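Have a look at the structure below before the remarks.
No value in this document is a laboratory result; all are computed from the given coordinates. All values derive from a computational prediction rather than experimental measurement. Cβ placement follows ideal geometry from the backbone for every residue including glycine, while neighbour counts extend to all protein chains displayed.
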Amino acid sequence: MATRIYVGNLPYTADNDQLAQLFAVFGEVIEAAIIMDRDTGRSKGFGFVQMTNDDEAQKAIASLNGTMFGNRTIRVNEAQPRPERLTAPRSGGGYGSSDTSYSRYSSERPYRESRAQGEFVDARQDRYGRGRDRDW
């Protein structure tokens with residue numbers, strides 16, 4: 001089974017090929033990837049290497065952890081599995097809430113019963129706090 005290795009504190013000038021060459025001394029490298037910032041396109045200073053043989057991967061971890069690579073002391077260890085993210089529903093922002101699409105000034109129910117007539121009146125308000133139950 002392939003072992004995934006975390007490599008931290010990499011120099012920002014390092015690329016995938018250099019990382020693969022560093023680990024190729026210890027065995028066959030399936031993949032070497034330096035993580036890049038999506039906004040700037042620069043390296044984030046860490047990456048992952050995947051090796052075919054577990055024994056070779058453990059040798060690489062033991063040998064390379066704490067060594068210098070491009071004037072930086074790199075940290076090498078076995079990668080931890082990525083934790084699952086819980087995706088919470090997002091609100092739309094603005095004045096809306098997560099359960100209704102009414103303004104922040106609205107009551108619990110968008111329609112309320114009028115006191116005088118017993119009929120239902122629109123209880124929502126505009127952004128200035130004015131009710132919508134008036135005739136324009």
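Kirkwood hydrodynamic radius for the range 3-78: how many Å is it when counted over pairs of different Cα atoms? Provide the component values of the computation, followed by the final result.
Details: mean 1/r = 0.0822 Å⁻¹.
It works out to 12.2 Å.
Estimated at 0.36 nm per residue, the fully extended path between Tyr6 and Arg38 surpasses their Cα-Cα distance by 9.6 nm. Dipole magnitude for the range 1-88: about 380 debye, using +1 per Lys or Arg Cβ and -1 per Asp or Glu Cβ, origin at the Cα centre.
Between beta-carbons, use under 12 Å as the cut-off and find the net charge around Ile30, counting Lys and Arg +1, Asp and Glu -1.
With Lys, Arg at +1 and Asp, Glu at -1, the net is -2.
Farthest toward the positive end of the dipole of the range 3-78, out of Phe26, Thr67, Asn16, is the Cα of Thr67, where the dipole comes from beta carbon charges about the Cα centre.
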